[in-house]
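The structure appears right after this line, and notes come after that.
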Amino acid sequence: MSGRWTGKRALVTGASNGVGLEIARRLAEEGTRLILPVRSRLRGDAAARSILASVPDAEIDIRDLDLARPETVTALAMALRAEGEAVDRYVMNAGVVLLGDAERHLTEQGLELHFQANFLGHYALTQLLLPLLRRSRARIAVQLSLAASHGRLDDLQSERRYHPLRAYAASKRVLGIYAYALAQSSIAGIWGTNVQLCHPGVAPGTGIAADARKRASGATSRLVERLGSTPRQAAETALVALESDAVPGQYYVPSAVFELSGAPRERLAPKAFTNPREADRILETAENLVDAARCA
Ligand SMILES: NC(=O)c1ccc[n+]([C@@H]2O[C@H](COP(=O)([O-])OP(=O)(O)OC[C@H]3O[C@@H](n4cnc5c(N)ncnc54)[C@H](OP(=O)(O)O)[C@@H]3O)[C@@H](O)[C@H]2O)c1
């Protein structure tokens, strides 16, 4: 298939399901070759079959990545760097929220799971890939959430008090802070990369928090379904972010009421992501944690 981005190569995390799968499918429709790192080869192969069913000549390279396991993050980044081929598009899309699960889950390194999988894993992957992304003058989209602006920064790993939504919101806020800081670095360093932020609104048909949704009352799920988007519609904000020629660091969000659904629109990144002192603190914390994991 030939399209606007024929021959370009895109790396999309979390494309085994939901919004990420639709982002990958739309990129394939435009002729983009795909690298889809997944934590389950079974789900990755099913996603590839689903894309091939609609784009028969799609080029799909399934790789291994569990953002909660730092060694897989390093292995993927090092392999891509060693291969040396350009990565022209990059979407940090994977995400998890353990709604309805009161237990605070830790990784093998002892880090809170939302913090590690949603933020630190993407941070480590991106930092390792930066030389390749800069050389490729990559367009980068970072998938946040409506919840991100409300995340608290005073207890990043929910050590004092745990609730899955709080942990999720905090992890997405620090990802937003990182994304904005990366955008500012790319401007200051004249890297030629374009880093944009986005969120999909609400897409009830994905796998995220599926159990909690099943338990929600009929009226609540009907309301969410009416107000939300399909995964394909929800993919649009990331795609528009990838195509954007705006100054790095804009926020692409659904345009309908409360940003729940609707065509993408551009707005300024909220203050929750743009404070440079908070960014310095978060990035220093992240670097120390990544170093500690490497030395362990
Ligand atoms: N749907 C919504 O209403 C909504 C609203 C706001 C923001 N978002 C954001 O949109 C993004 C996509 O979510 P979705 O709704 O499409 O959910 P989804 O259907 O559950 O997809 C999430 C994807 O992330 C992957 N993932 C989760 N944990 C991972 C890990 N440790 N390592 C690697 N990959 C991992 C999943 O892989 P597996 O197949 O292995 O589980 C899956 O491919 C997420 O960042 C989410 O926070 C969604």
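The values are calculated or read from the model by the stated rules, or taken from the named source; none is laboratory data. Quick caveat, the model's predicted, so the values are computed rather than measured. Cβ placement follows ideal geometry from the backbone for every residue including glycine, while neighbour counts extend to all protein chains displayed.
Identify, please: which residue in the stretch 86-96 is in contact with a Leu (Cβ under 8 Å, 6 or more places away or on another chain) and part of a loop (DSSP other than H, G, I, E, B) and is, among those, surrounded by the most Cβ atoms within 10 Å (Cβ to Cβ)? In this case the residue turns out to be ALA94. With respect to the conditions (1) in contact with a Cys (Cβ under 6 Å, 6 or more places away or on another chain); (2) part of a strand (DSSP E or B), ALA241 lacks only one, and its number is (2).
Look through the stretch 259-280, keep the residues that are touching a residue at least 40 places away in the same chain (Cβ under 8 Å) and out of contact with any strand residue (DSSP E or B) (no Cβ under 8 Å at 6 or more places or on another chain), and return whichever of them is surrounded by the fewest Cβ atoms within 10 Å (Cβ to Cβ). Across the stretch 259-280, the extreme among qualifying residues is PRO276.
Looking only at residues of the stretch 164-179 that are surrounded by fewer than 24 Cβ atoms within 10 Å (Cβ to Cβ) and touching a residue at least 40 places away in the same chain (Cβ under 8 Å), we find that the one that is farthest from GLU103 (Cα to Cα) is LEU165. On the given criteria, is THR220 out of contact with any strand residue (DSSP E or B) (no Cβ under 8 Å at 6 or more places or on another chain) and either within 13 Å of the ligand (Cβ to nearest atom) or part of a helix (DSSP H, G or I) (or both)? When the stated conditions are applied, THR220 passes them. Restricting ALA235, ALA241, ALA293 to those that are within 15 Å of the ligand (Cβ to nearest atom), modelled with pLDDT under 95 and surrounded by 15 or more Cβ atoms within 10 Å (Cβ to Cβ) reduces the list to ALA293. Scanning the stretch 55-113 for residues that are of a type in the set (S, T, N, Q) and either under 25 Å from ARG26 (Cβ atoms) or touching a His at 6+ places or on another chain (Cβ under 8 Å) (or both) gives a single hit, ASN93. Just one of the listed residues (LEU80, LEU132, LEU67, LEU99) is more than 23 Å from THR285 (Cα to Cα) and in a loop (DSSP other than H, G, I, E, B), and it is LEU99. Taking the numbered list (1) under 22 Å from LEU21 (Cβ atoms); (2) without any contact (Cβ under 8 Å) to a residue 60 or more places away in the chain; (3) in contact with a strand residue (DSSP E or B) (Cβ under 9 Å, 6 or more places away or on another chain); (4) within 11 Å of the ligand (Cβ to nearest atom) in turn, GLN116 passes all entries but (1).
Which residues, counting only those in the stretch 15-44, are touching a residue at least 40 places away in the same chain (Cβ under 8 Å) and in contact with a strand residue (DSSP E or B) (Cβ under 8 Å, 6 or more places away or on another chain)? Matches in the stretch 15-44: ALA15, VAL19, GLY20, ILE23, LEU27, THR32, ILE35.
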